[in-house]
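Below: the structure, in structure tokens.
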Amino acid sequence: MPTLIEKPTRVEAAGNKPKLIDEYIGRINTPASVGGPGVSIAHMRSPAGWTEPGQTPEFQEYTLVLRGRMLVRHQGGIIEVCAGQAVMAHPGEWIQYSTPDEPTEYISVCMPAFSLETVHRDPE
């Protein structure tokens, strides 16, 4: 039988400015008994000038930009991801997300689900 996710859970974000993260599916909002934590799906809204610490996650992350523009720094340079585009970050590679110029809205999908234990953020 399908499981309705009635509402997301607001999750605290890392970074230099407040960012909204609403987790619909993942370790916080959907326990293992209803299909989590094999994947996490979150709706995010970050302000202009936001940046988060670099990270070397153990999970695959897919990011779909709905509105605005995001920069993804990696060891080989920077990728610009605009509204209507997506980027895949692979396990074990260093990345850093930022929205330097404008507010940005995006969907993040992590497999397996995001966790503080597997994101491996750079020390601040």
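The values are calculated or read from the model by the stated rules, or taken from the named source; none is laboratory data. All figures in this text were calculated on a predicted structure; none of them were measured in a lab. Neighbour counts are summed over all protein chains in view; Cβ atoms, including those assigned to glycine, are modelled from backbone coordinates with ideal geometry. The accessibility values were calculated without ligands, DNA or RNA, using every heavy atom of the protein model including side chains. Shrake-Rupley method; radii C 1.70, N 1.55, O 1.52, S 1.80 Å.
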Taking only protein heavy atoms into account and a 1.4 Å probe, give the accessible area per residue of the chain in Å². 56
Net charge around Glu105, counting only other residues with Cβ within less than 12 Å of its Cβ (Lys, Arg = +1; Asp, Glu = -1)? +2
Can you run phi through the Karplus equation (6.51, -1.76, 1.60; θ = phi - 60°) for segment 15-23 and list ³J(HN,Hα) in whole Hz, with x for Gly and Pro? x, 7, 9, x, 9, 8, 10, 10, 7
Need the full-extension length gain, Leu20 to Thr118, defined as separation in residues times 0.36 nm minus the C-alpha distance. One decimal, nm. 33.2 nm
Compute the signed sum of charges (Lys and Arg +1, Asp and Glu -1) over the other residues within less than 14 Å, Cβ to Cβ, of Ala83. -1
Multiply the residue gap between Met1 and Ala83 by 0.36 nm, knock off their C-alpha separation, and tell me the result in nm, one decimal place. 26.1 nm
Label-point separation (nm) for Met111 and Leu64, each offset 7 Å from Cα along Cα-to-Cβ? 1.3
